[in-house]
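The values are calculated or read from the model by the stated rules, or taken from the named source; none is laboratory data. Just so you know, these numbers come straight off a predicted model, no measurement behind them. Every residue, glycine among them, receives a Cβ derived from its backbone with ideal geometry; neighbour counts consider all protein chains shown. Quick note on the areas: whole protein, heavy atoms, side chains included, nothing else; ligands and nucleic acids left out. Shrake-Rupley method; radii C 1.70, N 1.55, O 1.52, S 1.80 Å.
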Number of protein chains: 2
Amino acid sequence: MHTPRQGRLDGPVCRIEIFDPWEPALAGVDQYERLEVIYWLHLSRRDLVLQSPANDGNARGTFSIRSPVRPNPLGTSVVKLVRIEGPNLFIQGLDCLDGTPLLDLKPDRALFTPIAPPQDGDFQVAAAVKE
Amino acid sequence: MHTPRQGRLDGPVCRIEIFDPWEPALAGVDQYERLEVIYWLHLSRRDLVLQSPANDGNARGTFSIRSPVRPNPLGTSVVKLVRIEGPNLFIQGLDCLDGTPLLDLKPDRALFTPIAPPQDGDFQVAAAVKE
């Protein structure tokens with residue numbers, strides 16, 4: 001099971017397929033050069049609190065690594081959009097196996113500005129932060 | 001319901017609580033200045049294929065915006081870690097409501113290098129990309 005871990009924007013072109021009735025929800029996605037993709041790592045174990053990815057006896061907390069083995073095996077990638085054809089998105093930078101269920105798709109946070117009018121919370125900052 | 005949309009790294013300090021048995025999975029998280037947080041936007045509608053956040057009659061595809069209204073209402077934030085106290089993480093940059101269920105927590109992709117030995121897929125690039 002070889003997949004480019006963490007993805008790379010010059011990696012192989014992958015295809016994401018959107019099922020009915022959600023194809024029209026792709027309207028406007030082509031405006032964005034990069035997308036955030038969230039998927040369910042369906043073959044992953046979910047029971048390891050500590051793990052040793054390098055198999056070197058050095059145990060690490062599951063939340064301190066990006067291993068696919070986690071209580072909720074959610075993977076996220078920031079991918080480059082190559083093109084959209086109907087319900088199919090062709091993208092680069094994905095790091096999952098063929099057949100992985102897609103959960104969500106949205107513009108990369110760095111490229112997106114909220115469309116609804118500003119609201120109070122948008123401007124709230126910390127008074128002081130004790131590190 | 002006011003929350004700083006999309007979060008901001010100088011925003012209010014928020015608390016994330018990890019429930020048993022997952023507290024030990026935080027081991028090593030304190031090495032990272034920024035974390036990726038994934039949560040379930042439990043109060044969101046899930047049935048809109050098109051939506052108009054500005055209420056201006058301009059309908060947009062759900063996947064072309066970062067609205068909380070989506071088929072799988074998953075929110076992601078990149079947050080700044082302030083400190084960890086037992087099962088509690090204090091962070092800045094979150095954009096969700098109090099009581100939102102946490103699904104996953106991992107180092108920011110930009111700060112993380114895989115720990116397991118390299119594998120073939122890591123080096124695979126596109127031969128040619130037809131845009």
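Candidates B:Gly93, B:Gly75: the one that is more than 8 Å from chain A (Cβ to nearest Cβ), closer than 30 Å to B:Leu48 by Cβ, surrounded by 20 or more Cβ atoms within 10 Å (Cβ to Cβ) and in contact (Cβ under 8 Å) with a residue 40 or more places away in the chain is B:Gly93. Count of the stretch A:78-90 residues, restricted to those that are in contact with a Gly (Cβ under 7 Å, 6 or more places away or on another chain) and within 8 Å of chain B (Cβ to nearest Cβ), is 1.
Within the stretch B:99-116, work out how many residues are open to solvent by 40 Å² or more (accessible area, probe 1.4 Å), within 7 Å of chain A (Cβ to nearest Cβ) and at pLDDT below 90. Count: 2.
When A:Phe112 is tested against (1) among the hydrophobic types (A, V, I, L, M, F, W, C); (2) out of contact with any Gly (no Cβ under 9 Å at 6 or more places or on another chain); (3) without any contact (Cβ under 8 Å) to a residue 12 or more places away in the chain, exactly one condition is not met: (3). Residue count for the stretch B:26-39 under the criterion of being more than 9 Å from every other protein chain (Cβ to nearest Cβ) and either of a type in the set (Lys, Arg) or open to solvent by 20 Å² or more (accessible area, probe 1.4 Å) (or both): the result is 2.
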